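The values are calculated or read from the model by the stated rules, or taken from the named source; none is laboratory data. Here the structure is a predicted model, which is why all the values come from computation and not from measurement. Every residue, glycine as well, gets a Cβ built from its backbone with ideal geometry; the counts of neighbours run over all protein chains shown. Only protein heavy atoms, including side chains, enter the accessible area calculation; ligands, DNA and RNA are left aside. Shrake-Rupley method; radii C 1.70, N 1.55, O 1.52, S 1.80 Å.
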Amino acid sequence: MEATFEKLRTLQDILYAKFKLEKEINEIPKALVTKTEVLNRAKKAFIERNEAGEQGKAKLRRLTLELTDATKKREGFEKQMDLIKTQKEYEALDKEIRDATEREQTLRKDIQKEERDLEELLGTLEKQERQIALDEEELKEEGEKIQAEGTSKKDHHAELVAQEKGITPGMDEDILFKFERIIRNKEGLGIVPIVNGCCSGCHIILPMQFVNEVRNQDKIRFCPYCSRILYFQSGMDPAKRDQIEAGSLAELVDEEEEADSDEE
Ligand SMILES: [Zn+2]
(Lines give C-alpha, C1' and ligand atoms only; values in the text may rest on other atoms or scores of the structure.)
Protein backbone atom coordinates (compact mmCIF):
# COMPACT_ATOMS: atom_id res chain seq x y z
CA MET A 1 0.00 0.00 0.00
CA GLU A 2 2.84 2.36 0.87
CA ALA A 3 4.20 1.80 -2.64
CA THR A 4 0.82 2.65 -4.14
CA PHE A 5 0.67 5.88 -2.15
CA GLU A 6 4.16 6.74 -3.31
CA LYS A 7 3.13 6.11 -6.92
CA LEU A 8 0.03 8.24 -6.47
CA ARG A 9 2.08 11.10 -5.04
CA THR A 10 4.47 10.99 -7.99
CA LEU A 11 1.55 10.70 -10.37
CA GLN A 12 -0.12 13.64 -8.70
CA ASP A 13 2.78 15.93 -9.59
CA ILE A 14 2.88 14.66 -13.16
CA LEU A 15 -0.88 14.97 -13.66
CA TYR A 16 -1.01 18.41 -12.13
CA ALA A 17 1.75 19.64 -14.45
CA LYS A 18 0.07 17.91 -17.38
CA PHE A 19 -3.37 19.43 -16.75
CA LYS A 20 -1.90 22.86 -16.26
CA LEU A 21 -0.04 22.54 -19.53
CA GLU A 22 -3.16 21.34 -21.35
CA LYS A 23 -5.03 24.38 -20.10
CA GLU A 24 -2.23 26.67 -21.29
CA ILE A 25 -2.05 24.97 -24.69
CA ASN A 26 -5.81 25.44 -25.11
CA GLU A 27 -5.70 29.05 -24.03
CA ILE A 28 -2.92 30.05 -26.43
CA PRO A 29 -5.05 30.15 -29.61
CA LYS A 30 -7.86 31.94 -27.74
CA ALA A 31 -5.69 34.99 -27.07
CA LEU A 32 -4.73 35.09 -30.72
CA VAL A 33 -8.32 34.65 -31.91
CA THR A 34 -9.47 37.61 -29.82
CA LYS A 35 -6.72 39.85 -31.21
CA THR A 36 -7.48 38.75 -34.76
CA GLU A 37 -11.15 39.58 -34.23
CA VAL A 38 -10.26 43.06 -32.97
CA LEU A 39 -8.02 43.61 -35.99
CA ASN A 40 -10.71 42.41 -38.40
CA ARG A 41 -13.20 44.82 -36.89
CA ALA A 42 -10.70 47.66 -37.35
CA LYS A 43 -10.22 46.63 -41.00
CA LYS A 44 -13.97 46.58 -41.57
CA ALA A 45 -14.32 50.06 -40.04
CA PHE A 46 -11.46 51.23 -42.26
CA ILE A 47 -13.15 49.91 -45.40
CA GLU A 48 -16.43 51.59 -44.48
CA ARG A 49 -14.70 54.89 -43.78
CA ASN A 50 -12.78 54.58 -47.01
CA GLU A 51 -16.05 54.18 -48.90
CA ALA A 52 -17.38 57.28 -47.17
CA GLY A 53 -14.20 59.04 -48.37
CA GLU A 54 -14.85 57.98 -51.97
CA GLN A 55 -18.42 59.25 -51.68
CA GLY A 56 -17.11 62.53 -50.30
CA LYS A 57 -14.73 62.91 -53.23
CA ALA A 58 -17.53 62.24 -55.72
CA LYS A 59 -19.73 64.81 -54.01
CA LEU A 60 -16.92 67.35 -54.16
CA ARG A 61 -16.49 66.76 -57.90
CA ARG A 62 -20.23 67.22 -58.41
CA LEU A 63 -20.32 70.45 -56.39
CA THR A 64 -17.34 71.83 -58.33
CA LEU A 65 -19.11 71.13 -61.62
CA GLU A 66 -22.26 72.79 -60.32
CA LEU A 67 -20.21 75.83 -59.29
CA THR A 68 -18.64 76.10 -62.75
CA ASP A 69 -22.13 75.88 -64.19
CA ALA A 70 -23.51 78.58 -61.88
CA THR A 71 -20.57 80.88 -62.67
CA LYS A 72 -21.09 80.45 -66.41
CA LYS A 73 -24.77 81.25 -66.00
CA ARG A 74 -24.05 84.43 -64.04
CA GLU A 75 -21.46 85.57 -66.57
CA GLY A 76 -23.99 84.95 -69.36
CA PHE A 77 -26.56 87.07 -67.58
CA GLU A 78 -24.00 89.80 -67.03
CA LYS A 79 -23.23 89.89 -70.76
CA GLN A 80 -26.94 90.25 -71.50
CA MET A 81 -27.00 93.39 -69.31
CA ASP A 82 -25.41 95.35 -72.17
CA LEU A 83 -28.34 94.47 -74.41
CA ILE A 84 -31.34 95.30 -72.25
CA LYS A 85 -33.67 98.12 -73.21
CA THR A 86 -36.41 98.41 -70.59
CA GLN A 87 -36.56 98.81 -66.82
CA LYS A 88 -38.64 95.63 -66.63
CA GLU A 89 -35.99 93.67 -68.56
CA TYR A 90 -33.31 95.13 -66.30
CA GLU A 91 -35.13 94.09 -63.15
CA ALA A 92 -35.71 90.55 -64.41
CA LEU A 93 -32.06 90.12 -65.43
CA ASP A 94 -30.81 91.71 -62.23
CA LYS A 95 -32.79 89.14 -60.26
CA GLU A 96 -31.30 86.32 -62.36
CA ILE A 97 -27.81 87.63 -61.65
CA ARG A 98 -28.49 87.92 -57.92
CA ASP A 99 -29.95 84.39 -57.80
CA ALA A 100 -26.99 82.97 -59.71
CA THR A 101 -24.54 84.78 -57.42
CA GLU A 102 -26.34 83.46 -54.38
CA ARG A 103 -26.19 79.95 -55.82
CA GLU A 104 -22.44 80.35 -56.39
CA GLN A 105 -21.94 81.48 -52.79
CA THR A 106 -23.93 78.56 -51.42
CA LEU A 107 -21.94 76.13 -53.57
CA ARG A 108 -18.62 77.65 -52.47
CA LYS A 109 -19.63 77.22 -48.84
CA ASP A 110 -20.72 73.63 -49.49
CA ILE A 111 -17.43 72.92 -51.25
CA GLN A 112 -15.41 74.36 -48.38
CA LYS A 113 -17.31 72.28 -45.85
CA GLU A 114 -16.94 69.14 -47.97
CA GLU A 115 -13.21 69.78 -48.37
CA ARG A 116 -12.76 70.20 -44.60
CA ASP A 117 -14.73 67.01 -43.87
CA LEU A 118 -12.82 65.09 -46.48
CA GLU A 119 -9.46 66.30 -45.20
CA GLU A 120 -10.35 65.18 -41.70
CA LEU A 121 -11.59 61.85 -42.97
CA LEU A 122 -8.46 61.24 -45.03
CA GLY A 123 -6.32 62.10 -42.00
CA THR A 124 -8.19 59.56 -39.90
CA LEU A 125 -7.91 56.97 -42.66
CA GLU A 126 -4.17 57.47 -42.88
CA LYS A 127 -3.80 56.99 -39.12
CA GLN A 128 -6.01 53.92 -39.16
CA GLU A 129 -4.08 52.41 -42.03
CA ARG A 130 -0.82 52.85 -40.16
CA GLN A 131 -2.32 51.36 -36.99
CA ILE A 132 -3.71 48.37 -38.87
CA ALA A 133 -0.32 47.73 -40.45
CA LEU A 134 1.34 47.91 -37.01
CA ASP A 135 -1.26 45.61 -35.46
CA GLU A 136 -0.92 43.14 -38.29
CA GLU A 137 2.83 43.05 -37.86
CA GLU A 138 2.49 42.62 -34.10
CA LEU A 139 -0.06 39.85 -34.51
CA LYS A 140 2.18 38.05 -36.96
CA GLU A 141 5.13 38.18 -34.56
CA GLU A 142 2.95 37.08 -31.68
CA GLY A 143 1.55 34.24 -33.74
CA GLU A 144 5.07 33.01 -34.48
CA LYS A 145 6.09 33.33 -30.84
CA ILE A 146 2.97 31.51 -29.69
CA GLN A 147 3.53 28.76 -32.18
CA ALA A 148 7.07 28.27 -30.87
CA GLU A 149 5.79 28.26 -27.30
CA GLY A 150 3.04 25.84 -28.25
CA THR A 151 5.57 23.47 -29.75
CA SER A 152 7.76 23.48 -26.67
CA LYS A 153 4.68 23.04 -24.45
CA LYS A 154 3.50 20.11 -26.54
CA ASP A 155 6.96 18.54 -26.25
CA HIS A 156 6.85 18.96 -22.50
CA HIS A 157 3.33 17.50 -22.47
CA ALA A 158 4.51 14.44 -24.38
CA GLU A 159 7.27 13.95 -21.79
CA LEU A 160 4.73 14.09 -18.97
CA VAL A 161 2.47 11.60 -20.73
CA ALA A 162 5.44 9.25 -21.08
CA GLN A 163 6.20 9.62 -17.37
CA GLU A 164 2.56 8.98 -16.55
CA LYS A 165 2.57 5.81 -18.65
CA GLY A 166 5.63 4.69 -16.75
CA ILE A 167 3.66 4.72 -13.50
CA THR A 168 0.04 3.83 -14.23
CA PRO A 169 0.27 0.25 -15.60
CA GLY A 170 -1.11 -2.20 -13.03
CA MET A 171 -2.92 0.47 -11.06
CA ASP A 172 -6.67 0.26 -10.44
CA GLU A 173 -8.40 2.07 -13.29
CA ASP A 174 -11.37 3.25 -11.25
CA ILE A 175 -9.07 4.77 -8.69
CA LEU A 176 -6.95 6.38 -11.39
CA PHE A 177 -10.08 7.85 -12.97
CA LYS A 178 -11.26 9.33 -9.66
CA PHE A 179 -7.76 10.50 -8.80
CA GLU A 180 -7.38 12.36 -12.09
CA ARG A 181 -10.72 14.06 -11.56
CA ILE A 182 -9.79 15.15 -8.04
CA ILE A 183 -6.50 16.61 -9.24
CA ARG A 184 -8.30 18.50 -11.99
CA ASN A 185 -10.89 19.89 -9.58
CA LYS A 186 -8.76 20.40 -6.48
CA GLU A 187 -5.85 22.28 -8.02
CA GLY A 188 -3.40 19.43 -8.06
CA LEU A 189 -3.90 17.98 -4.59
CA GLY A 190 -5.36 14.49 -4.90
CA ILE A 191 -3.63 12.58 -2.12
CA VAL A 192 -3.17 14.02 1.37
CA PRO A 193 -2.21 12.73 4.81
CA ILE A 194 -4.48 12.65 7.82
CA VAL A 195 -3.07 15.14 10.33
CA ASN A 196 -4.40 15.16 13.89
CA GLY A 197 -7.50 13.31 12.79
CA CYS A 198 -8.25 15.87 10.07
CA CYS A 199 -8.09 15.53 6.31
CA SER A 200 -5.21 17.90 5.48
CA GLY A 201 -6.89 18.65 2.14
CA CYS A 202 -10.15 20.09 3.46
CA HIS A 203 -9.28 20.31 7.20
CA ILE A 204 -12.49 18.63 8.27
CA ILE A 205 -12.27 16.33 11.32
CA LEU A 206 -12.75 12.74 10.28
CA PRO A 207 -14.62 10.11 12.34
CA MET A 208 -12.22 8.13 14.56
CA GLN A 209 -13.51 4.88 13.07
CA PHE A 210 -12.67 6.12 9.57
CA VAL A 211 -9.20 7.28 10.61
CA ASN A 212 -8.55 3.80 11.93
CA GLU A 213 -9.73 2.27 8.66
CA VAL A 214 -7.31 4.45 6.77
CA ARG A 215 -4.58 3.41 9.18
CA ASN A 216 -5.33 -0.25 8.42
CA GLN A 217 -4.25 0.38 4.81
CA ASP A 218 -6.35 -2.51 3.50
CA LYS A 219 -7.69 -0.45 0.62
CA ILE A 220 -7.63 3.04 -0.82
CA ARG A 221 -10.03 5.41 0.92
CA PHE A 222 -11.30 8.80 -0.17
CA CYS A 223 -12.07 11.72 2.13
CA PRO A 224 -15.88 11.74 2.48
CA TYR A 225 -15.85 15.54 2.34
CA CYS A 226 -13.39 16.53 -0.39
CA SER A 227 -12.93 13.14 -2.17
CA ARG A 228 -9.13 13.24 -1.88
CA ILE A 229 -7.26 10.00 -1.30
CA LEU A 230 -6.15 9.76 2.33
CA TYR A 231 -3.20 8.06 3.88
CA PHE A 232 -2.03 7.76 7.42
CA GLN A 233 1.56 8.57 8.09
CA SER A 234 2.36 6.65 11.23
CA GLY A 235 6.12 6.83 11.08
CA MET A 236 6.19 10.43 10.00
CA ASP A 237 9.29 12.20 11.09
CA PRO A 238 8.32 14.92 13.59
CA ALA A 239 9.91 17.76 11.58
CA LYS A 240 7.96 16.82 8.48
CA ARG A 241 4.79 16.40 10.49
CA ASP A 242 5.23 19.86 11.99
CA GLN A 243 5.82 21.21 8.52
CA ILE A 244 2.63 19.67 7.18
CA GLU A 245 0.69 20.88 10.21
CA ALA A 246 2.08 24.37 9.82
CA GLY A 247 1.24 24.20 6.15
CA SER A 248 -2.29 23.14 6.96
CA LEU A 249 -2.66 26.03 9.36
CA ALA A 250 -1.29 28.46 6.83
CA GLU A 251 -3.71 27.05 4.31
CA LEU A 252 -6.55 27.71 6.69
CA VAL A 253 -5.39 31.27 7.14
CA ASP A 254 -4.69 31.97 3.50
CA GLU A 255 -5.67 29.41 0.90
CA GLU A 256 -4.31 31.45 -1.98
CA GLU A 257 -0.88 31.88 -0.48
CA GLU A 258 -0.67 28.13 -0.05
CA ALA A 259 -1.68 27.59 -3.68
CA ASP A 260 1.11 29.95 -4.76
CA SER A 261 3.75 28.19 -2.75
CA ASP A 262 2.49 24.87 -4.15
CA GLU A 263 3.36 26.06 -7.60
CA GLU A 264 6.92 26.91 -6.75
ZN1 LIG B 1 -10.93 16.12 2.80
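Side notes on the structure shown:
- Ordered by 1.4 Å accessible area with all protein chains kept, MET208, MET81 run largest first as MET208, MET81.
- Relative to the dominant Cα principal axis of the chain, helix 173-185 is inclined by about 50°.
- Each residue of segment 143-152 was assigned a 3J(HN,Hα) from its phi angle through the Karplus curve 6.51 cos²θ - 1.76 cosθ + 1.60 (θ = phi - 60°); the sequence is x, 5, 4, 5, 5, 5, 4, x, 5, 5 Hz, with glycine and proline shown as x.
- A cut-off of 5 Å between modelled amide H atoms, ignoring neighbours fewer than 5 places along the same chain, links ARG221 with LEU230.
- Per-residue SASA entry for VAL33, accessible area with 1.4 Å probe, Å² rounded to 10: 80 Å²
- Sulfur and carbon atoms: percent of accessible area, the chain [1.4 Å]: 51 percent
- The chain: angle of helix 238-253 to the longest principal axis, Cα-based, in degrees nearest 10: 40 degrees
- Three-way shape label, segment 146-210, alpha-carbon gyration tensor, a/c 1.5: prolate
- By the beta carbon rule, with partners counted only under 4.7 Å, the chain holds these lone Cys residues: CYS198.
- Helix axis angle, 2-80 relative to the chain longest principal axis, alpha carbon, degrees: 0 degrees
- Solvent-accessible surface (1.4 angstrom probe) belonging to ILE146, in square angstrom, nearest 10: 30 Å²
- Antiparallel DSSP beta bridges within the chain, percent to nearest 5: 60 percent
- Per residue of the chain, the DSSP helices (runs of n ≥ 4 H) give a summed -39500 (n - 2.57) that works out to -28500 deg cm²/dmol at 222 nm.
- Cleavage-rule hits (trypsin sites (Lys or Arg not before Pro)) in segment 82-167: DSSP loop, at most 12 neighbouring Cβ within 10 angstrom: LYS85
- R0 of 41 Å, Cβ-Cβ distance LEU21-LYS219: FRET efficiency to nearest 0.05: 0.80
- Only alpha carbons enter this Debye calculation for the chain, each as an equal point scatterer, and the log10 of I(q)/I(0) it gives at q = 0.09, 0.10 Å⁻¹ is -0.67, -0.75.
- Amide N proximity, segment 68-82 versus ASP110 label position 7 Å along Cα-to-Cβ, cut-off under 14 Å: 68-71
- Computed accessible area, ASP172, all protein chains, 1.4 angstrom probe, square angstrom: 90 Å²
- Within the shell defined by Cβ-Cβ distances under 15 Å, the residues around MET1 carry a net charge of 0, with Lys and Arg each +1 and Asp and Glu each -1.
- Accessible surface ranking that places the most exposed of TYR225, TYR231, TYR16 first, with a 1.4 angstrom probe: TYR225, TYR16, TYR231
- Remark: for residue pairs LYS20/LYS43; LYS43/LYS140; LYS140/LYS186; LYS7/LYS30; LYS23/LYS43, the C-alpha separation exceeds 25 Å in LYS20/LYS43; LYS140/LYS186; LYS7/LYS30; LYS23/LYS43.
- Label point distance in nm, GLU102-ASP172, each placed 7 Å from Cα along Cα→Cβ: 10.0 nm
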